[in-house]
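Structure first, then comments.
No lab work stands behind these numbers, since they all come straight from the coordinates. Remember, it's a predicted structure, so these values are computed and weren't measured experimentally. When we count neighbours, we look across all protein chains shown, and the Cβ atoms used for this are built from the backbone with ideal geometry, even at glycine.
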Amino acid sequence: MDFEAIYNEHKQQVFRICMGYLNDQEYARDLTQEIFIAIWRSLPSFRQESKLSTWIFRIATNHCLRAIENSKRMPTTELPLQLEDVYEEPIEEQLACLYKCIAELPQMERIIISLVLEDLPQTEIALIIGFEPTNTRVKIHRIKAKLTEKFKKYGQFG
Amino acid sequence: MDNLDNIRLLWVSARTSMLPEPDAVIMAARKYKNAALFRTVRLLAYAFILTLLLITLWCYTNPKMISTSIGEGFLLLAVLILIGTNLNTLHRFYYTRDLNNTEFIAFLKKTHERQLFYHSRTQVLGLCCTTVGILLYLFETANQHAAGLAIYIAVLIFLIVLWLFIRPAVFKKQSAKLQLLIKQMENLASQIN
């Protein structure tokens with residue numbers, strides 16, 4: 001499997017999931033890189049027991065969950081590669097509000113809604129999270145309602 | 001904006017132009033892998049050299065007191081504990097599990113519990129072996145020369161400081177951090193159930 005193709009196909013999705021979880025552009029960029037380093041390292045051991053995308057999203061979301069271990073921001077000196085300082089693009093107001101609404105959700109719900117917004121089928125989300133497929137639909141429905149309610153509260157509907 | 005489809009459109013509009021090129025990620029991955037591996041391999045190499053040195057000393061020196069041989073035995077045991085722990089780390093470095101989030105949270109919780117066990121038991125056992133080993137090993141030298149006695153007293157003072165001040169402070173800090181992480185994992189697990 002070609003890492004370059006995998007990277008180009010999934011980097012945007014992985015970045016958005018990190019952004020949804022962390023609501024910090026710089027941290028999300030660093031975590032995206034860390035996730036792809038893990039994918040590159042684990043690629044030879046991928047046994048194709050699950051879909052490639054399921055495997056990638058499992059690694060990505062597990063890394064997001066692990067970010068809890070870094071109570072402070074990851075020090076840049078421990079990063080594998082010092083990326084060039086990139087001018088942080090300002091996030092559009094509505095998008096910033098969306099990230100804010102997602103950030104107010106508990107961690108697992110942040111992950112689930114990010115996967116929903118990536119348009120992943122419920123069966124795949126269940127495989128990534130480890131839910132019983134029957135519970136997934138109810139949980140997703142509840143989180144969607146919670147998010148739209150928050151979005152409404154911040155006056156973004158209309 | 002009136003439904004989830006529109007939120008989805010907003011979601012995918014996030015800019016990702018700041019992400020590095022694949023070559024840069026591969027280069028970073030290689031550097032990271034080598035650096036992480038190098039640290040563990042270097043520690044293991046030192047431990048193996050120390051083991052060889054201890055075995056050589058055992059074979060070629062002729063200690064008059066039994067305490068010297070027993071001391072060497074304890075030091076060897078301490079080094080073996082260090083090697084065992086680090087070989088385990090090396091194994092974990094190569095063995096990547098394909099786990100879903102639920103399994104991963106359980107795995108992280110177990111890992112933190114094991115780290116806590118390591119700090120409270122294995123590390124103490126290693127330190128005990130080192131302390132007893134050094135004190136017994138140097139006892140013969142301390143008996144023979146004044147300089148040896150001075151070294152023995154200095155080592156003894158260091159070991160007292162280590163056991164009474166350094167080790168409890170480090171353990172308290174590590175233990176608090178690990179217990180917090182275990183609690184956080186329990187909180188994550190409760191969000192799934």
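Quick look at the values:
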item: Proxy reagent accessibility, fewest Cβ within 10 Å first, across A:Lys150, A:Lys11, B:Lys31, B:Lys173; result: B:Lys173, B:Lys31, A:Lys150, A:Lys11
item: FRET efficiency, A:Leu43 to B:Ala176 (Cβ-Cβ, R0 30 Å, nearest 0.05); result: 0.20
item: Packing-based exposure ordering (other Cβ within 10 Å, fewest first) of B:Cys128, A:Cys64; result: B:Cys128, A:Cys64
item: Per-residue mean of C-beta atoms belonging to partner chains within 10 Å, peptide A:123-132; result: 2
item: Span-like helix ranges in chain B, DSSP H, alpha carbon extent 30 angstrom or more, Kyte mean at least 0.5; result: B:22-60, B:66-94, B:123-144
item: Size descriptor, Kirkwood hydrodynamic radius, that averages inverse alpha-carbon separations across the protein assembly as shown, Å; result: 23.7 Å
item: Pairs of lysines in chain B (C-alpha under 28 Å apart; 8 or more residues apart or interchain); result: 13
item: Value at 222 nm in deg cm²/dmol, rounded to 500, when DSSP H runs of n ≥ 4 in the protein assembly as shown each add -39,500 (n - 2.57); result: -25500 deg cm²/dmol
item: Whole-Å semi-axes of the ellipsoid equivalent to the stretch A:3-153 (Cα gyration tensor, √5λ, descending); result: 24, 22, 13
item: Count of Lys pairs (Cα-Cα under 17 Å; at least 8 positions apart or interchain) in the stretch A:3-153; result: 9
item: Average Cα contact separation per residue, chain B, under 8 Å, 6 or more apart, as relative contact order %; result: 26 percent
item: Convex hull (Cα only) mean projected area of the stretch B:1-83, reported in nm² to one decimal; result: 10.6 nm²
item: Order of B:Tyr46, B:Tyr60 under a 10 Å beta carbon neighbour criterion, fewest first; result: B:Tyr60, B:Tyr46
item: Rounded D (µm²/s) - chain B, Kirkwood Rh over Cα pairs, Stokes-Einstein at 25 °C, 0.890 mPa s; result: 115 µm²/s
item: Gain in span if fully extended, B:Glu21 to B:Arg39, counting 0.36 nm per residue against the direct Cα distance; result: 3.7 nm
item: Label-to-label distance, nm, for residues given as A:Lys100 and B:Arg121 (7 Å Cα→Cβ offset); result: 5.0 nm
